[in-house]
1. What's the magnitude of the charge dipole for the chain around its Cα centre, counting Lys and Arg as +1 and Asp and Glu as -1 at the beta-carbon? Answer in Debye, nearest 20.
2. Please arrange Val194, Val91 by accessible surface area, largest first, computed with a 1.4 Å probe and ligands excluded.
3. So how exposed is Glu32, as accessible area in Å² (1.4 Å probe, rounded to 10)?
4. Read through the labelled values (1) 1.12; (2) 1.07; (3) 1.40 and report the label of the one computed as Cα Rg over 2.2 N^0.38 Å from the structure.
5. Ordering His174, His66 by how much accessible area each has at a 1.4 Å probe, largest first, what is the list?
6. Just want to confirm a number: the relative contact order over the chain, from Cα pairs under 8 angstrom separated by 6+ residues, in percent.
7. Tell me, what is the percent relative contact order of the range 1-88, built from C-alpha pairs under 8 Å that lie six or more residues apart?
8. Can you pull the one-decimal nm distance between simple spin-label points at Ser177 and Leu164, each 7 Å off the Cα toward Cβ?
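The values are calculated or read from the model by the stated rules, or taken from the named source; none is laboratory data. Note that the structure is predicted; figures quoted are calculated from it, not measured. Cβ atoms come from the backbone with ideal geometry, glycine included; neighbour counts cover every protein chain shown. Surface accessibility is based on the protein's heavy atoms, side chains included, excluding ligands, DNA and RNA. Shrake-Rupley method; radii C 1.70, N 1.55, O 1.52, S 1.80 Å.
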Amino acid sequence: MRLTTVCIVDDDVQVRRYLVDVLTSIGLTTLEFSSGEDFMRRWRPGETGCVLLDIRMPRITGPEIHDWLRQRSPQLPVIFLSGYADVPTAVRAMRLGAFDVIEKPFNVQHLIERVNTALHLAEERRVAETTSANSWRQSLTPREHDILSAIISGKRNKLIAAELGISERTVESHRASIMAKAKAHSTAELVAMVVGQAPTS
């Protein structure tokens, strides 16, 4: 599913409302944040395709939020919104991985184009991460696939060995190989990787 949620972080309520109107008119979902603190408190990873981030805000600035975001979701495209000819800040933002810097007042068509491009990039990155995360499964042998399926079903080594007509030691060897390929540290983590859920602690 394509990521279509755009976070708008700006202390100017009129700017936020304008951006909401523009983006919802093209079918996108928006989330508004009135300050850096508000964003850092409410934002959740994995739910956003793009962030529109005002450079100059009281207390916590746009670049500071960007630094915070890069530690948590480095692949998330960030578009800075600048109401000033703040070239050094804009250059620094781009060097630190910002997707773009757009000056206020906005050219609506340009804004829409850049947001759509950022969302497309976010989707490409998400697919690439998913593919990379599952690439270890492609390296499994047919026997390892059988044993992995049995592990996911909650079967113990003894039962797996009996069902497959092999020794329990052979099952243990295959199981160790699967764990190594998946880089899993426990059976719970292995299962979580396959079913797409975080392992419970």
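1. Values: 25 positive and 24 negative charges, 158 e Å.
Its charge dipole is roughly 760 debye.
2. So the residues, ranked largest to smallest area, are Val91, Val194.
3. 80 Å²
4. Computed from the coordinates, Cα Rg over 2.2 N^0.38 Å corresponds to (3).
5. His174, His66
6. 15 percent
7. Across the range 1-88, relative contact order equals 31 percent.
8. With each label point 7 Å from Cα toward Cβ, the separation is 0.9 nm.
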